[in-house]
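What follows is a short report on a single structure.
The values are calculated or read from the model by the stated rules, or taken from the named source; none is laboratory data. Because the structure is predicted, anything quoted here is derived from the model rather than measured. With ideal geometry, Cβ positions are generated from the backbone for all residues, glycine too; neighbour counts draw on all protein chains shown. Heads up: the accessible areas ignore ligands, DNA and RNA and are worked out on the full protein's heavy atoms, side chains in. Shrake-Rupley method; radii C 1.70, N 1.55, O 1.52, S 1.80 Å.
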Amino acid sequence: MTTYSHTIRLPRLVVLLGLMAALFFWVAPRAAAADYDETLDRLGRLQDLAVSYAAEHDADPILLTLGYTRTGDYNTTMWQLTAGARDTEFESYVSQNDSDLSALQGMNTVTLPSGQAIDFGHLLASMNLVYNGIPITGSWGGDCMELAQAYYGQASDAAGYAEAMRATFNIDDDGSTSKFGDQDLRADLDSVVVGSQLTKDTDIADALRSYYDGLTDYDRAYQFISLSFGTVDTSSTGFADTIYNAVVSDSGMQLLFYMNGMWTVDGWTIDESYAPAVRGATDLLAEYLSGAVNGEKVKSETNNRLVAMGGQALADALTALGDSDAASAALAAAESGASSTVSSTSAAIEDATQTLQSHFNVKIFELLLLIVAALAVFFLIMSCALFVSHRRRH
């Protein structure tokens with residue numbers, strides 16, 4: 001009889017624990033599809049509050065608005081170093097005046113007027129970096145890096161990697177399956193185009209409405225190519241070289257590669273074992289962009305390309321992470337002309353650096369987050385077990 005009782009109760013306990021765990025994750029904040037007009041209305045209201053707050057706190061309303069939306073994966077150490085630390089006082093101000101705006105945090109899919117879906121949270125976060133003068137790292141360059149990481153070790157050369165990556169590149173996906181799906185791709189290109197138009201007085205919601213009014217894939221790709229690479233023949237084999245070189249020569253990407261173990265201090269260059277995978281990802285992007293504009297020669301009206309964070313800003317960021325050797329190597333490479341030297345982001349990097357150094361140690365902070373997460377799961381399981389034990393006694 002006792003044996004029979006245990007064989008019945010154990011499966012029930014397992015099922016109950018499973019249901020409780022599912023409930024726990026279900027009630028946690030989740031990103032869901034959102035209405036386009038409602039989202040832009042909220043964005044406009046958020047910026048109105050940012051303008052009011054900025055007038056009394058000597059702040060930039062654009063950075064306040066975009067920074068408020070950056071949570072989760074868009075508030076890591078890398079994002080704080082490049083996009084800047086979020087203003088917690090402004091968040092409290094928003095909560096007190098319009099709590100509905102919290103829906104803009106942790107956003108995922110929004111359906112555009114064209115019927116296409118886009119990762120809106122990714123779009124806004126990347127626009128934050130583009131506005132800071134870092135147009136590659138938080139957008140297409142970062143996604144190429146993630147795609148390279150996902151397929152690392154699965155091929156021996158760039159062509160092999162590109163072929164393997166076709167299975168998930170630009171597929172219809174909300175981020176659940178692909179590291180570089182169609183929603184990410186649209187967010188990457190759009191963030192560069194719209195982000196480059198922002199000034200301190202720009203109405204972000206109006207800028208997005210104007211941009212998406214009648215937008216086609218051709219228009220999107222053409223504008224992106226023009227801004228990112230200047231005048232270029234997309235049917236030329238050199239177009240793929242241009243995109244790859246833009247990634248590895250960009251200081252922001254060098255920081256990102258380094259923080260992910262894909263960059264070497266010796267010679268300050270990409271790790272040769274990762275280079276084919278990164279090249280495979282950028283080759284796929286080049287292929288897509290060329291196809292989107294029908295292989296045409298894209299002409300830049302100004303022939304001015306977006307600038308990236310400078311070598312000094314990169315060195316400052318590495319110093320903030322406690323990597324003095326890497327900082328010296330990066331600065332030496334910049335001075336020798338090996339990396340981008342034009343900087344419009346020194347102030348943002350300096351502010352983020354001071355925040356990181358004065359408020360917490362990066363590695364300890366990340367470890368604490370892992371400990372807190374583990375404790376939360378442990379207490380959840382213990383609570384379930386105690387609940388079952390209590391039910392048995394009654």
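I need the full set of residues from the stretch 67-77 which are open to solvent by less than 30 Å² (accessible area, probe 1.4 Å) and under 11 Å from Met259 (Cβ atoms), in order please. Hit for the stretch 67-77 is Thr77, nothing else.
When restricted to residues that are more than 18 Å from Val194 (Cα to Cα), part of a loop (DSSP other than H, G, I, E, B) and either free of Cβ contacts under 8 Å to residues at least 24 places away in the same chain or open to solvent by less than 20 Å² (accessible area, probe 1.4 Å) (or both), the stretch 78-130 contains 3. Of the residues making up the stretch 245-281, those that are closer than 13 Å to Ala330 by Cα and in a loop (DSSP other than H, G, I, E, B) are Asp250, Val265, Asp266, Gly267, Trp268. For the stretch 143-192, residues that are within 18 Å of Asp217 (Cβ to Cβ), assigned to a helix (DSSP H, G or I) and not aliphatic (A, V, I, L, M) total 8.
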